[in-house]
1. Picking from LEU211, LEU181, which residue would you name as being in contact with a Leu (Cβ under 8 Å, 6 or more places away or on another chain) and either open to solvent by 40 Å² or more (accessible area, probe 1.4 Å) or in contact (Cβ under 8 Å) with a residue 60 or more places away in the chain (or both)?
2. For LEU377, state whether it is closer than 30 Å to ALA253 by Cβ, hydrophobic (A, V, I, L, M, F, W, C) and in contact (Cβ under 8 Å) with a residue 40 or more places away in the chain.
3. Answer with yes or no whether ILE83 is closer than 27 Å to LEU373 by Cα and either part of a helix (DSSP H, G or I) or touching a residue at least 24 places away in the same chain (Cβ under 8 Å) (or both).
4. Which one of TYR128, TYR174, TYR152, TYR188 is among the hydroxyl-bearing types (Ser, Thr, Tyr), within 30 Å of ALA320 (Cβ to Cβ) and open to solvent by 10 Å² or more (accessible area, probe 1.4 Å)?
5. Show the residue pairs meeting these rules: Cβ distance below 7 Å; 6+ apart or different chains; first residue within region 130-155 and within 15 Å of LEU91 (Cα to Cα) and part of a helix (DSSP H, G or I); second residue aromatic (Phe, Trp, Tyr) and at pLDDT below 90.
6. If you check PRO383, PRO454, PRO349, which single one turns out to be farther than 26 Å from VAL252 by Cα, open to solvent by less than 20 Å² (accessible area, probe 1.4 Å) and not in a helix (DSSP H, G or I)?
7. Looking only at region 162-171, filter to residues that are open to solvent by 10 Å² or more (accessible area, probe 1.4 Å) and out of contact with any Ser or Thr (no Cβ under 8 Å at 6 or more places or on another chain); which one of those is nearest to ASN451 (Cα to Cα)?
8. Picking from ALA344, ALA362, ALA337, which residue would you name as being of a type in the set (Gly, Ala, Ser), at pLDDT 90 or above, surrounded by fewer than 24 Cβ atoms within 10 Å (Cβ to Cβ) and within 30 Å of PRO158 (Cα to Cα)?
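The values are calculated or read from the model by the stated rules, or taken from the named source; none is laboratory data. Everything quoted here is computed from the prediction, not taken from an experiment. Note that each Cβ is placed from the backbone with ideal geometry, even for glycine, and that neighbours are counted across all protein chains shown. What goes into the accessible areas is simple: the full protein's heavy atoms, side chains included, and nothing from ligands, DNA or RNA. Shrake-Rupley method; radii C 1.70, N 1.55, O 1.52, S 1.80 Å.
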Amino acid sequence: MDIDSVRTAASDEAAERRREQRGWYFYDWACSVYSTSVLTVFLGPYLTSVAKHAADADGYVHPLGVPVRAGSFFAYSVSLSVIVAVLVMPLVGAAADRSGRKKPLLGAAAYVGAAATTGMFFLGGDRYLLGGALLIVANAAQSVAMMLYNSYLPQIAPPEERDAVSSRGWAFGYAAGSLVLVVNLVLYLAHDSFGVSESMAVRICLASAGLWWGGFTLVPLLRLRDRPAAARETTARTERAARTAPGLRQLVATVRDMRRHPLTLAFLLAYLIYNDGIQTVISQASVYGSEELGLSQSTLIGAVLLVQVLAVAGALGMGALARTYGAKRTILGSLAAWTLTLGAGYFLPAGAPIGFFLLASAIGLVLGGSQALSRSLFSHLVPPGKEAEYFSAYEMSDRGMSWLGPLLFGVTYQLTGSYRDAIISLVIFFVVGFLLLARVPVRRAIGDAGNPVPERI
């Protein structure tokens, strides 16, 4: 083969890779509206109101005969969805790696989640059980689909491109979340002008997120491609578990395999801890703003939108920093920024929306980059041929194991009666995560996993 032919083949390969990467970005564009409009803004308050409408005189609903306070129904549904996801993700991840057919599984998970979200349009009256069931299905399906989506990263981007590709994916997601949230808020705040009730406006917002999710999922399904399954080293025990073990036993088999790569486990532990802090700040910031700072609901919604918009710039900006300083150093810098942000939040005066917006701006600028670079760094630590299986453990760290932060936040508030003390207590997650990540020799970890070591990491 002459030089021109080699160059042409390399050019064609690069063009095909870029095309596949652009398709991959669009799954983040498709599904992020679920996290933003459905989980973060609209579903919690609305499903709680539906449950309260169905409650008895003492304020309880009785799903399957179990007495549950109406105000706790949404939280319990989210928790149950996490349990379902934890049971399903290892099975799907192992099946995807063994068969090499990730795309059909991604499509199935995405469309199950999109259909359940679209079905939320029918949550009128006292249909709280329908709402809980749809939430459990949608949330679990979203976790499974994201695990499969993330596992494509090592296959569509060579090591030197992964930080940038991962960052662009997060940026696409935050951009879509911002766009749809703006449209939803216009409908919600001006529902009278559109001739619909507040309840109908919320139901339209929920269903529109499902339609958006399903519609734009077509792009990655058309552009991503399956790869032949890589040869895998398996013991008789792990092969037997893969064939017969449901849920938790498959997870145990995955973790047992990961013990052969202790540095990958060390990174995952660091990520689990600092990500627990990130997820707790995201979930509790509105409580802090409303209860401690006395801010209005419109201010809090505006802050959520600001975070979404700035997270686009943050993800792209931190991706650029990673090209100069490496992903590990950039993540460590973001953890230091998280710590300073929480410290500043502790001293925010009550009734000062400007200060809260500045806090939201700081969160937005580090949020997307922290998550994007953590994903790309982990992708270097995954042994070839086990991408989906290992990313199921990563996704559970991201979604299924973030319980210690809310527990610490709640216990601190219970003991002190101060949300300021509760928010500052979360610093421990960023400090411990920083120290653990700093101790991980990522170059050696990448080599031990059997992957090429990038020039800058």
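1. On the way: LEU211 fails: in contact with a Leu (Cβ under 8 Å, 6 or more places away or on another chain).
Matching residue, one of LEU211, LEU181: LEU181.
2. Numbers: closer than 30 Å to ALA253 by Cβ: yes; hydrophobic (A, V, I, L, M, F, W, C): yes; in contact (Cβ under 8 Å) with a residue 40 or more places away in the chain: yes.
So LEU377 fits the description; yes.
3. Working: closer than 27 Å to LEU373 by Cα: yes; either part of a helix (DSSP H, G or I) or touching a residue at least 24 places away in the same chain (Cβ under 8 Å) (or both): yes.
Here the answer is yes, as ILE83 does meet what is asked.
4. Details: TYR128 fails: within 30 Å of ALA320 (Cβ to Cβ); TYR152 fails: open to solvent by 10 Å² or more (accessible area, probe 1.4 Å); TYR188 fails: within 30 Å of ALA320 (Cβ to Cβ).
Answer to the check: TYR174.
5. MET147/PHE391; SER151/PHE391
6. Values: PRO383 fails: farther than 26 Å from VAL252 by Cα; PRO349 fails: open to solvent by less than 20 Å² (accessible area, probe 1.4 Å).
Just a single option satisfies the conditions, and that option is PRO454.
7. Just the residues of region 162-171 that are open to solvent by 10 Å² or more (accessible area, probe 1.4 Å), to begin with: 162-164, 168, 170.
If we keep only those that are out of contact with any Ser or Thr (no Cβ under 8 Å at 6 or more places or on another chain) too, we end up with 164, 168, 170.
Values: ALA164: 18, ARG168: 23, TRP170: 24 Å.
Restricting to residues being open to solvent by 10 Å² or more (accessible area, probe 1.4 Å) and out of contact with any Ser or Thr (no Cβ under 8 Å at 6 or more places or on another chain), the top hit is ALA164.
8. Numbers: ALA344 fails: within 30 Å of PRO158 (Cα to Cα); ALA362 fails: within 30 Å of PRO158 (Cα to Cα).
Going through ALA344, ALA362, ALA337 in turn, just one is of a type in the set (Gly, Ala, Ser), at pLDDT 90 or above, surrounded by fewer than 24 Cβ atoms within 10 Å (Cβ to Cβ) and within 30 Å of PRO158 (Cα to Cα): ALA337.
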